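First up is the structure itself, then whatever we jot down about it.
The values are calculated or read from the model by the stated rules, or taken from the named source; none is laboratory data. This one's a predicted model, so the numbers in the text were calculated from it and none came from an experiment. No Cβ is skipped: glycine too gets one built from the backbone with ideal geometry, and neighbour counts run over all protein chains shown. All accessible areas refer to the heavy atoms of the entire protein, side chains included, with ligands and DNA or RNA removed. Shrake-Rupley method; radii C 1.70, N 1.55, O 1.52, S 1.80 Å.
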Amino acid sequence: QFQGDFNVMGDNEIAPYVIDEPWQTPGSIYDETWGYRSWQQRGDARQKTDEHIIRLAQVVSRGGNYLLNIGPRGDGSVVEFEADVLRGVGRWLRANQEAVAGTRAQPFRQLDFGYATWKQGRLYLLVKQRPASNRLELPGLRNRILRANLLESGRTLRIDGGAVDFTGAPDPAPITTVVCEFEGELSIVPELH
């Protein structure tokens, strides 16, 4: 059991692997600044929202906490662009909170489609890109998958030889969550410690 300090990554830095102790990434809406700048190039709110949803998925799948900073104006008001980004991340999080809150870091070294989290009896596949094969491969998973479905819609996906068939599922925009119910205690070979 961990008994040390809480680790903090550098600004907007995301650990490239699972860290087995408490840690967080301090992120900002814009990589260039932590405060309000009237001249800040704001770009497309949807693109910025997607960027932060992907960062959130990366951090939580590696066992961390994502701290997202905004830069309010001097009077304390929030820039509408930043409010739109926060609302967009909030909508995604509300629909996918089961895959984020109270979960553990992904048990796989790497997944070709994105990321994963898990809790007892459930594995959450955070699909960032559709594999060419349309198969969500789970390398080393020894448990039998009982069922798989899209978290938001509940639509059932077919299980194909220990992988999940992603055929017919919507393209990830930016992250589509698949929940897999599995049998027994989670067992992955090789185990990730």
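Values for this structure:
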| item | result |
| --- | --- |
| Stretchable slack from ALA132 to ILE19, in nm (0.36 nm times residue separation minus alpha-carbon distance) | 37.7 nm |
| Spacing of the two label points (7 Å from each Cα toward its C-beta) at LEU67 and ARG94, in nm | 2.7 nm |
| 20 °C / 1.002 mPa s Stokes-Einstein diffusion coefficient of the chain, Kirkwood radius on C-alpha pairs, µm²/s | 120 µm²/s |
| Isotropic mean projected area of the C-alpha convex hull, region 40-119 (nm²) | 6.3 nm² |
| Helix 80-96 vs. the chain, principal-axis angle (Cα, 0 to 90°, nearest 10) | 20 degrees |
| Theoretical FRET efficiency, 1/(1+(r/R0)^6), r = Cβ-Cβ of GLU152 and ALA45, R0 22 Å, to 0.05 | 0.60 |
| Convex hull (Cα only) mean projected area of region 1-89, reported in nm² to one decimal | 6.5 nm² |
| DSSP-assigned coil residues among trypsin sites (Lys or Arg not before Pro) in region 48-143, each with at most 15 further Cβ atoms within 10 Å | ARG73, ARG109, ARG142 |
| In degrees, nearest ten, helix 45-61 long axis to first principal axis of the chain (Cα) | 50 degrees |
| Environment charge at ILE159 (Cβ cut-off 11 Å; Lys +1, Arg +1, Asp -1, Glu -1) | +1 |
| Length-normalised contact order for the chain - Cα pairs under 8 Å, 6+ apart - percent | 18 percent |
| Accessible area (Å², 1.4 Å probe, nearest 10) - ASP165 | 20 Å² |
| Length added when fully stretched, SER38-ILE159, from 0.36 nm per residue minus Cα-Cα | 38.5 nm |
| Residues SER77 and ASP112, FRET efficiency given R0 of 35 Å [Cβ-Cβ distance, rounded to 0.05] | 0.20 |
| Estimated distance in nm for a label pair at ASP31 and ARG104, the labels positioned 7 Å out from Cα along Cα-to-Cβ | 3.3 nm |
